[in-house]
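The values are calculated or read from the model by the stated rules, or taken from the named source; none is laboratory data. The structure displayed is predicted, hence computed values, not measured ones. Virtual Cβ from ideal backbone geometry, glycine too; neighbours counted across all protein chains shown. In case anyone asks, the SASA skips ligands and DNA or RNA and just uses the protein heavy atoms, side chains included. Shrake-Rupley method; radii C 1.70, N 1.55, O 1.52, S 1.80 Å.
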Amino acid sequence: MARQFSPCSSSSTTFSPPLKQGIIFFTKSVIVPTRTFSSRWVSKIHSRTHPRNHFEFKSSNGYPLNAVSLHDGSAGNPLAKELPLSDSSISESTLSITVVGASGDLAKKKIFPALFALFYEDWLPENFTVFGYARTKMTDEELRDMISKTLTCRIDNRENCDDKMDQFLKRCFYHSGLYNSEENFSELDSKIKMKEGGKPSNRLFYLSIPPNIFVDVVRCVSVKASSKNGWTRVIVEKPFGRDSESSGRLITCLKQYLTEDQIFRIDHYLGKELVENLSVLRFSNLVFEPLWCRNYIRNVQFIFSEDFGTEGRGGYFDNYGIIRDIMQNHLLQILALFAMETPVSLDAEDIRNEKVKVLRSMRPLQLEDVIVGQYKGHSKGSKSYPGYTDDPTVPKDSLTPTFAAAALFINNARWDGVPFLMKAGKALHTKRAEIRVQFRHVPGNLYKRNFGTDLDKATNELVLRVQPDEAIYLKINNKVPGIGMRLDRSDLNLLYSARYPREIPDAYERLLLDAIEGERRLFIRSDELDAAWSLFTPLLKELEGKKIAPELYPYGSRGPVGAHYLAAKHNVRWGDLSGED
């Protein structure tokens, strides 16, 4: 083997030719000429009312999952099809989940707890193991001790919680190694094979690591630790680059070792319950779908705010800023779901095709339609709050925005002229994430005299509160009981905690399960990513090239004043500042 340097690797290394998933045959298999919509793999799982071998599993799009994918990326190979397997074949297969970066905060706080919740609810297959991989030296027992501190039995009355925890932890193992070492990943492969026991194997790798080492890990996984008789999938965490160029390089490098269908780019906001419910609300309710256009909707607002600063993350955050961290991914993905045309079906590719059409129809972002801000120190009573540049890991002259607001427009027949306003910030007065749809005024409203000069109070508004306290409510006008004609704006409110007392699963649970089952609807395709970066990259280059100074706003305030002027420019009032919510 030759010592080579790859432009897609962060280090020089000895490596074998990359292995993409080919057609994989079981001992007894037949290639069937059926249309393949997506790679789906089923495990016969049990619940408290259904034994494991009598339960039909459904993925997040509602379709039954009844086939094993023998080849991820079958679109590029017409011979690769999905094979329905017998119950005995399914029960004999194994699932190995490897969390790369297992000692990090994301793994400890989100990934391992999500896997345990899936195990507790019997969503995982019977034969599964969990491996942690990181540079930190650790034994299996030390990993289990670390994991156990963040596991909870959090839904309903959890009987046998300790027993379930013990059962889960016994399936968790650890291997220490370098992220760019094929030898260390070969050792991991040997450990995984021991647990698989020679059965057909499916392997999922979750990359909970910085993006600069994605490619090294994917190369090692592809060459040394991929499954030889099942599927191999890789979940990649954001950020997916810093701009169009770096994102494009990352896509190209990953595809040297994996097919597109093996790459699951995760955006955990797409797994949140209210975001999932967005398409159901629109496409399954006749009262909304006819109104979902420029004729009835005056503006749409996507709002994300946190009531804390960058505590502990200043060094990381300063390299990206709020636009890259929140707007280019979370909020833009929700906008695409909101504004897309009716897809042909609930199949992942049909939905993602429509999202891409929305992103490609968007008007280029102009600097005059964007406001950036940065929080400064502030004292409230006896308590003082530090400013962004007071963080010792942040340069004192940093111009990185911790707040941004933007007005976006979609140049198509449905949304022409409708402003889509985004707002995201840290160290604001409240913590919330919501979608607000403000409808147009009623033409010739007979009761406009009763609202005085403030016609905004007469505007119907649909609000989807993603977090906290998930809710959907519609603001309507009604008469206050009593003699005389006095009008009031009231809420028709669906508060999830009141209607559905069972606690809502974490977004990572849904997305992990979808990745296991090969359901890609809630994951980002490479052309989606390219379209998203094409929208924001020119703006980011202009902001950074001209060294635009962010407007300062006090810690704990409602953000910079410029955001209000931006909204007013487009005849919009921010819905979260009305004081009614």
Legend entry - Complete set of residues in region 342-367 that are within 21 Å of MET422 (Cβ to Cβ) and surrounded by fewer than 20 Cβ atoms within 10 Å (Cβ to Cβ): GLU354, VAL356, LYS357, ARG360, SER361, ARG363, PRO364, GLN366, LEU367
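Listed here are the residues, each with its yes/no results for (1) in contact with an Asp or Glu (Cβ under 7 Å, 6 or more places away or on another chain); (2) over 23 Å from ASP469 (Cβ atoms); (3) buried (at least 16 other Cβ atoms within 10 Å of the Cβ).
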site	(1), (2), (3)
SER490	no, no, no
TYR496	yes, no, yes
ARG502	yes, no, no
ALA507	no, no, yes
LEU512	no, yes, yes
ALA515	no, yes, yes
ILE524	yes, yes, yes
ASP530	no, yes, yes
PHE536	no, yes, yes
Legend entry - ASP122, sole failed condition from (1) at pLDDT below 90; (2) open to solvent by 30 Å² or more (accessible area, probe 1.4 Å); (3) not aliphatic (A, V, I, L, M): (2)
Inset, instruction - Select from region 304-322 the residues that are closer than 26 Å to LEU464 by Cα and hydrophobic (A, V, I, L, M, F, W, C) and list them in ascending order. - result: PHE304, PHE308, ILE322
Legend entry - When residues of region 231-277 are limited to those that are of a type in the set (Lys, Arg) and part of a loop (DSSP other than H, G, I, E, B), the one farthest from ASP105 (Cα to Cα): LYS255
Inset, instruction - Would you please name the residue that is farthest from the chain's Cα centre (by Cα), looking only at residues in region 279-312 that are crowded, with 20+ Cβ neighbours inside 10 Å and closer than 20 Å to GLU528 by Cβ? - result: VAL300
Inset, instruction - Please enumerate the residues belonging to region 108-138 that are closer than 14 Å to ASP506 by Cβ and among the β-branched types (Val, Ile, Thr). - result: ILE111
Inset, instruction - Just name the residue that is nearest to VAL572 (Cα to Cα) out of those in region 355-407 that are assigned to a helix (DSSP H, G or I) and of a type in the set (Asp, Glu). - result: ASP369
Legend entry - Tally of residues being within 19 Å of PHE317 (Cα to Cα) and either open to solvent by 30 Å² or more (accessible area, probe 1.4 Å) or charged (D, E, K, R) (or both) across region 253-278: 2
Inset, instruction - Specify which of the listed residues (TYR555, TYR500) is closer than 29 Å to THR152 by Cβ and aromatic (Phe, Trp, Tyr). - result: TYR500
Legend entry - Selection from region 410-453 of residues that are within 30 Å of THR342 (Cβ to Cβ), in contact with a Leu (Cβ under 6 Å, 6 or more places away or on another chain) and open to solvent by 10 Å² or more (accessible area, probe 1.4 Å): HIS441
Inset, instruction - Looking only at region 496-518, decide whether some residue is part of a helix (DSSP H, G or I) and free of Cβ contacts under 8 Å to residues at least 12 places away in the same chain. - result: yes
Legend entry - THR389 vs. criteria touching a strand residue (DSSP E or B) at 6+ places or on another chain (Cβ under 9 Å) and either open to solvent by 20 Å² or more (accessible area, probe 1.4 Å) or not aliphatic (A, V, I, L, M) (or both): yes
Legend entry - Filter pass, VAL223 being open to solvent by 10 Å² or more (accessible area, probe 1.4 Å), at pLDDT 90 or above and hydrophobic (A, V, I, L, M, F, W, C): yes
Legend entry - Conditions (1) open to solvent by 20 Å² or more (accessible area, probe 1.4 Å); (2) assigned to a helix (DSSP H, G or I); (3) in contact (Cβ under 8 Å) with a residue 40 or more places away in the chain; (4) under 30 Å from GLY545 (Cα atoms); number of the one not met by LEU337: (4)
Legend entry - Residues of region 229-252 satisfying the condition of being open to solvent by 10 Å² or more (accessible area, probe 1.4 Å) and over 19 Å from the mean Cα position of the chain (by Cα): ASN229, SER244, GLU245, SER246, GLY248, ARG249, THR252
Inset, instruction - Can you work out which of the residues in region 385-442 that are over 30 Å from ASN493 (Cα atoms), in contact with a helix residue (DSSP H, G or I) (Cβ under 9 Å, 6 or more places away or on another chain) and among the aliphatic types (A, V, I, L, M) is modelled with the lowest pLDDT? - result: VAL394
Inset, instruction - Of the conditions (1) of a type outside the set (A, V, I, L, M); (2) at pLDDT below 90; (3) not in a helix (DSSP H, G or I), ARG294 clears all except one; give me its number. - result: (2)
Legend entry - Test for VAL215: is it of a type outside the set (Phe, Trp, Tyr), crowded, with 21+ Cβ neighbours inside 10 Å and under 21 Å from the mean Cα position of the chain (by Cα): yes
